[in-house]
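Here is the structure we will look at.
Here, each number is a calculation from the coordinates, and none is a lab measurement. These figures come from a predicted structure and were not determined experimentally. Every residue, glycine among them, receives a Cβ derived from its backbone with ideal geometry; neighbour counts consider all protein chains shown.
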Amino acid sequence: MKIGIIGYGSMGRMFLEKMSGTAEFAKEEYLIANRTQAKIEHLRDTYQVCDSNAQLAAEADIIFLCVEPSEMKKVLTDIQPVVGKATFLVSLNGSIQFAQMEQVCKNKFAKVIPSVTAEVNQAQTLVCFNELVEPQERELLMRLLSCMGDVMELPESEIGMGSELVSCMPGFIASIFHEICTVAATHTMIPEEQIIEMVLKTMAGTGRLMLNNKYTFEEVIGRVATKGGITEEGVKVIHNRLPEVMEELFQKTLEKRSLTTRKASEMFGE
Ligand SMILES: NC(=O)c1ccc[n+]([C@@H]2O[C@H](COP(=O)([O-])OP(=O)(O)OC[C@H]3O[C@@H](n4cnc5c(N)ncnc54)[C@H](OP(=O)(O)O)[C@@H]3O)[C@@H](O)[C@H]2O)c1
C-alpha cells in the first residue's frame, strides 16, 4: 500500500508525522509532493519524495490532498491523466464538493476535516465519502485517522457546520478564553501566566468531567452555581449576553463558507 500526501504545509506535515508514526505502514510507503520542492528535500532519507504531483499519483493507492482550496482544481488536473480508477482521493477541504472534484477525476473520494488538536491526539476528525468508496476503504481511512483521536462520519451536507465545530472551534475557544483571561487580569494582581494556567486547566478539567461523567452543561452549572451565590451572578450575565454574540459568530462563519463554496464553483467552471 502506498500513501501519498500532496501539499506539505501545516496539515500535510501533521498528517505525515501522525500517520507514519503508527505501525500501520512502513515510512517508505509514504510518498510526498509539494509545490516548493526545496521544502520536502530533507524528507528523502525517510520517505519517498516525488518531483511532481503526477509522479506521486501514478504510484499511490490513497492520496491526501493537503493544498489550499484555490489549488485543488490544478492538483486534480495534474494527477487526472495518471491516477488509477481505484485510487482513493482524500480532500482536506470542507467547502469543495464531491460533485466538483468528480468533474475532474471520477474517483473514490473522501473529505476529511482535521483539527489542530490532532497534534496532541485529541482530535475529533470528521469524514464523509462519495458513493464509490467501498467498506474496506472506509475502514482503512478511519483506521489511519484514528492515530489523531476520534473519527466521526457525517453526511456531506453537514460538513460545513461540522468544520466550524471541530476545525474552527480551537480558534473560537482560544478567543473566548483569551477575553476571559484579559478581563480577569484587570481585577487581580495574579500574574497573567498564572491566570492563563488556572483557566486552561480548569477548562480542560471541565471537559474531562463532562465527558467522563456524561454530565450535561446544566448539570455542571447546577453543581457549581448555588442559588443566590456568586457563580449564579456570572452565569446570568453569560445567558443574557452571549447568545446574541454566538448567533452573529455562526452567521458570519457560515456566510464566509458559502462564499468559499461559490468561489470553488467558479473555479470548477460551474
Ligand atoms: N490548517 C488547518 O487547521 C486546517 C483545518 C481544516 C482544514 N484545512 C484544509 O487543509 C488544506 C491544507 O491547509 P493547510 O493549512 O495545510 O495549508 P498550507 O499550510 O497553506 O499548506 C498548503 C501546502 O500545499 C502546497 N501546494 C500548494 N499548491 C500546490 C500544488 N499545486 N502542488 C503541490 N503542492 C501545492 C503548498 O506548497 P508551498 O510550499 O509551495 O506553499 C503548501 O505546502 C486546505 O484545504 C485547508 O482548507 C486546514
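In loop segments of the stretch 148-217 as defined by DSSP, there are no chymotrypsin sites (Phe, Trp or Tyr not before Pro) with at most 14 further C-beta atoms inside 10 Å of their C-beta. Helix check for the chain. Which DSSP H runs span at least 20 Å along their own axis by Cα, with a mean Kyte-Doolittle hydropathy no less than 0.5? Qualifying helices, which must be both long enough and hydrophobic enough, are 169-185. So which of Lys27/Lys201; Lys39/Lys85; Lys2/Lys106 end up more than 28 Å apart, counting from Cα to Cα? The pairs that break the limit, which is 28 Å between Cα atoms, are Lys27/Lys201; Lys39/Lys85. State which stretch of the chain is the longest one without any exposed trypsin sites (Lys or Arg not before Pro), exposure meaning a DSSP loop state and at most 13 other Cβ atoms within 10 Å. Of all site-free stretches, the longest is 107-213. Scaled to the globular estimate 2.2 N^0.38 Å, the Cα spread of the stretch 162-264, given as radius of gyration, is 1.30. Anisotropy class assigned to the stretch 1-151 is rounded, per the alpha carbon gyration tensor with a/c under the 1.5 cut-off. Could you please state, rounded to a whole Å, how far the C-alpha centre of the stretch 28-52 is from the C-alpha centre of the stretch 121-163? So the two Cα centres are separated by 26 Å.
A Förster radius of 25 Å, combined with the Cβ-Cβ distance separating Gln136 from Glu158, puts the computed FRET efficiency at roughly 0.55.
Given a Förster radius of 45 Å and the C-beta distance between Ile221 and Lys74 as r, what FRET efficiency does 1/(1 + (r/R0)^6) yield to the nearest 0.05? About 0.35, to the nearest 0.05.
Cα centroids of the stretch 205-270 and the stretch 53-109: 34 Å apart. Take every DSSP beta bridge whose two residues both sit in the stretch 3-153; close to 15 percent of them are antiparallel. Considering only Ile113, Ile32, Ile238, the Gaussian network model of the chain with Cα springs below 10 Å gives its largest mean-square fluctuation to Ile238.
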